[in-house]
1. Straight-line reach only, C-alpha to C-alpha below 17 angstrom: list the aspartates and glutamates that K118 could link to, leaving out same-chain residues fewer than 8 apart.
2. Where does the charge balance sit around F136 when Lys and Arg score +1, Asp and Glu -1, over other residues with C-beta under 15 Å from its C-beta?
3. What does the charge count around R58 come to, taking other residues whose C-beta lies under 15 Å from its C-beta (Lys +1, Arg +1, Asp -1, Glu -1)?
4. Work out, step by step, the length gained on full extension between S132 and R50: first 0.36 nm times the residue separation, then minus their alpha carbon distance; give nm to one decimal.
5. Using Cα centres only, tell me the gap between the range 114-134 and the range 68-109 in whole Å.
6. For K125, which lysines qualify as cross-link partners when the Cα separation must be under 25 Å and same-chain residues fewer than eight apart are set aside?
7. L72: net charge of surrounding residues, Cβ under 13 Å, Lys/Arg +1, Asp/Glu -1, itself excluded?
8. Please give the contour-minus-distance gain from N12 to K81: 0.36 nm per residue of separation, less the Cα-Cα distance, rounded to one decimal in nm.
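A short reminder: the numbers here are calculations on the coordinates, not readings from a lab. These figures come from a predicted structure and were not determined experimentally. Methodologically, a virtual Cβ is constructed for each residue, glycine included, from the backbone with ideal geometry; neighbour enumeration extends over all protein chains shown.
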Amino acid sequence: MKEIKLEETMINPFALIGKDWLVLTAGDEKGYNGMTVSWGHLGCLWSPNRPTAVAYVRESRYTKKFIDENDLFTLSLISDKKALGYLGSHSGRDEDKFANAGVKPLFVDGTTAVEGAKLVLVCRKLYAAPLSEEGFVDKSILEKDYGSGNMHTMYVGEIIKVLAE
Ligand SMILES: Cc1cc2nc3c(=O)[nH]c(=O)nc-3n(C[C@H](O)[C@H](O)[C@H](O)COP(=O)(O)O)c2cc1C
């Protein structure tokens, strides 16, 4: 993979995150885990207009431990929907998920992404906080998406490197 400038990408965040899905991975050679995500944002935040990616991770996800314990996380765009389905329905707590999904880790800059990804965003954590019930203006979302708790933590990461195939 080669490093490219963010401006060189033709990213449509709605397609990239919501439709194509991404693998959110954190950790390193000593231990890592990844999961499929389809909720998130890309944009600019905080001085000096930092390029950022926002991910939402529920408390129950094993991947959360690796995001919390590390400064970096990655978002990988892979085309294998079967692997994405696997990574989004099995927990790394129980198995070697990457191996069983048929994907390999790509160790980069002290963090982990997915080998063969078409695009990798390497992100440095800037902000992490659980969503609060009080924050919901539209309370119907609480009932629909958090009926059994398991709140998301919001992670804002500065995109510090973009790798493309
Ligand atoms: C298409 C798709 C999108 C998903 N998006 C998210 C998400 O944005 N946030 C989240 O917490 N879980 C999301 N999940 C669920 C996790 O990927 C899933 O629970 C996974 O098994 C967690 O793995 P882990 O326990 O190894 O971290 C999604 C699952 C799928 C299939």
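1. E3, E7, E8, D20, D80, E165
2. Charge balance in the 15 Å sphere: -3.
3. That works out to +1.
4. Using 0.36 nm per residue and subtracting the Cα-Cα distance, I get 27.0 nm.
5. 13 Å
6. The qualifying lysines are K2, K5, K19, K30, K64, K65, K97, K104, K161.
7. Within the 13 Å Cβ shell, the charges total -3.
8. 23.0 nm
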